[in-house]
Amino acid sequence: MSVFPKTVSYGKAPEISSERKRELSLFQKQADIKFKNPELLNLAFCHRSFANESTTDVDNNERLEFLGDSVLGLIVADWLFIHLPDSDEGDFSRIKSFVVSEESLASIAKKLRVDNFILIGKGEEFSGGRNKKALLADCMEAIFGAYFLDSGYKAATDLVQRLLVPEIKVVLANKHRKDYKTLLQEHVQKMYKTYPRYEVAKKTGPEHDNTFWVKVMVQKKVFGPAPGNNKKEGEQAAAKIAYEELVGE
């Protein structure tokens, strides 16, 4: 007996008006993708804030986001495994972490103008939600998940590779030198038998667009603080300062 349900509910998407239908068609044209079921795409655009404020019973895009995250990870991992036969697990992890990062996905979302099509609540709109990197990245994952359900793994693979292989090639061209946290940790472990410690010194800017100033401690020496659009970026920036000073690069 199968453990899977005979029918699958993808969620209750917001009603598609004639105007919304035109918007979804415009997005698909701009992004060069075609959904068989536009309701899935509409659901992928539905942020929790919109669903919570809706007068009708609609779902948000978080289930699709969860699925899309896994689909994205598998497709990227598959590409790396096939195309980089001389790389090891550590290389794969470092490259993948850059390529599927919030920064990378938000950048792709901006290129596709996802921010113009997201359905968000009034409060989220007022706080600048359309420009939040986390919201854009999450929506991009939901779109990947929706497209996988709509058109299958092969089509989803083609889409993900078209959008993300250029990002992979950028990382490869830089020979992972962006990953200063790993470089610093390896150096500190080797030289001092300890680990770097990171700390957010302060946050500046508006709440929806904070700049994180991060410092890193190696032994008793402090490097930074250095700025980043999020904590991870700040840590990378601080690690770069420390690594270059300690190693002399």
Exercise. Tally Lys and Arg at +1 and Asp and Glu at -1 over the other residues with C-beta under 13 Å from the C-beta of Ala13: what net charge comes out?
Worked result: -1
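Treating only the Cβ atoms of Lys and Arg (+1) and Asp and Glu (-1) as charged, compute the dipole magnitude of region 180-247 about its Cα centre; round to the nearest 20 debye. Working shown, then result.
Working: 12 positive and 8 negative charges, 66 e Å.
Using only the charged Cβ atoms, the result is roughly 320 debye.
Counting Lys +1, Arg +1, Asp -1, Glu -1, what net charge surrounds Lys132 among other residues with beta carbon under 12 Å of its beta carbon? The partial results should precede the final answer.
Working: positive: Lys110, Arg130, Lys133; negative: Glu102, Asp115, Glu124, Glu125, Asp138, Glu207, Asp209.
In short, -4.
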Exercise. Going highest first, how would you order 40-52, 134-146 by mean Cβ packing within 10 Å?
Worked result: 134-146, 40-52
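Quick check on packing: order 153-165, 59-71, 184-196 by the mean number of other C-beta atoms within 10 Å, highest mean leading. It would help to have the intermediate numbers written out before the result.
Numbers: 153-165: 16.5, 59-71: 20.1, 184-196: 14.7.
Put in order of decreasing packing, that is 59-71, 153-165, 184-196.
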Exercise. From the cross-link list Lys190/Lys240; Lys132/Lys231; Lys132/Lys202; Lys12/Lys111; Lys132/Lys154; Lys110/Lys240, which pairs have alpha carbons spaced over 24 Å apart?
Worked result: Lys12/Lys111; Lys132/Lys154; Lys110/Lys240
Exercise. How large is the dipole of the chain about the Cα centre if only Lys and Arg carry +1 and Asp and Glu carry -1, each at its Cβ, rounded to the nearest 20 debye?
Worked result: 460 debye
Exercise. Any number yet on Rg/Rh for region 51-168, C-alpha, Kirkwood?
Worked result: 1.02
Seminar exercise, completed: Expected sort for 104-115, 230-241 on mean C-beta neighbours within 10 Å, highest first, is 230-241, 104-115
Exercise. Which lysines have a Cα less than 18 Å from the Cα of Lys96, not counting those fewer than 8 places away in the same chain?
Worked result: Lys169, Lys175, Lys178, Lys181, Lys232
For this session: Among Ala155, Leu74, Phe35, pick out the residue whose Cα is farthest towards the positive end of the charge dipole of region 18-173, where Lys and Arg carry +1 and Asp and Glu carry -1 on C-beta, about the Cα centre.
Result: Phe35
Seminar exercise, completed: Longest principal axis of the chain (C-alpha) makes with the long axis of helix 180-192 (C-alpha) an angle, in degrees to the nearest 10, of 30 degrees
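What full-extension length gain, to one decimal in nm, is calculated for Lys231 and Arg22 as 0.36 nm per residue of separation minus the Cα-Cα distance?
Going from the current span to full extension adds 71.4 nm.
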For this session: Starting from the Cα of Gln219, step 7 Å along the direction of its Cβ; do the same at Tyr192; then give the gap between the two resulting points in nm.
Result: 0.7 nm
Seminar exercise, completed: The helix 231-247 Cα axis meets the longest alpha-carbon principal axis of the chain at an angle in degrees, between 0 and 90 and rounded to 10, of 20 degrees
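Would you calculate a helix-derived [θ] at 222 nm for the chain, using -39,500 (n - 2.57) for each DSSP H run of n ≥ 4 and dividing by the full residue count, to the nearest 500?
Per the formula, -18500 deg cm²/dmol.
No lab work stands behind these numbers, since they all come straight from the coordinates. Remember, it's a predicted structure, so these values are computed and weren't measured experimentally. Here the Cβ is made from the backbone with ideal geometry for all residues, glycine too, and neighbour counts use every protein chain on show.
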